[in-house]
1. Ranked highest first by average number of other Cβ atoms within 10 Å, how do 18-26, 54-62 line up?
2. When the distances between all Cα atoms of the stretch 29-78 are binned every 5 Å from zero, what whole-number percent does each bin get?
3. Determine the calculated [θ] at 222 nm for the chain from helices alone, applying -39500 (n - 2.57) to every DSSP H run no shorter than 4 residues and normalising by the residue count; nearest 500 deg cm²/dmol.
4. What whole-number volume per residue, in cubic angstrom, does the convex hull of the C-alpha atoms of the chain give?
Amino acid sequence: MTQFDIHTAQTAPESQQLIENAEKAFGFLPNLLGVMAEAPALLEGYMTLAGIFDQTDLSATERQVVLMVNNRLNGCTYCMAAHSAISK
């Protein structure tokens, strides 16, 4: 299994502003975003897409359901657990 580093603003200074934005939004840095900080363009793209998704007419609950269905279809139990907790 591939091992990925979970970065912080100190270990990925090129992603510092994005990391700080995520920490403000979530109150912490989710591991997925910490891993993506390795490639600032990836992290920026992911956060931009998430921001666009948040602007849809779907409610917060409906958006979580969409994400959880996607997690289930992809077999990602880690993401399923995270989005289950968020949806409560």
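What follows is calculated from the coordinates using simple rules that are stated; it is not laboratory data. No experiment lies behind these values; they were computed from the predicted model shown. All Cβ positions, even for glycine, are placed from backbone atoms using ideal geometry, and neighbour counts span all protein chains on display.
1. 18-26, 54-62
2. Histogramming the stretch 29-78 at 5 Å steps yields 4, 18, 20, 25, 24, 8, 1 percent.
3. Mean residue ellipticity, 222 nm, calculated: -19500 deg cm²/dmol.
4. Cα-based convex hull of the chain, divided per residue, equals 104 Å³.
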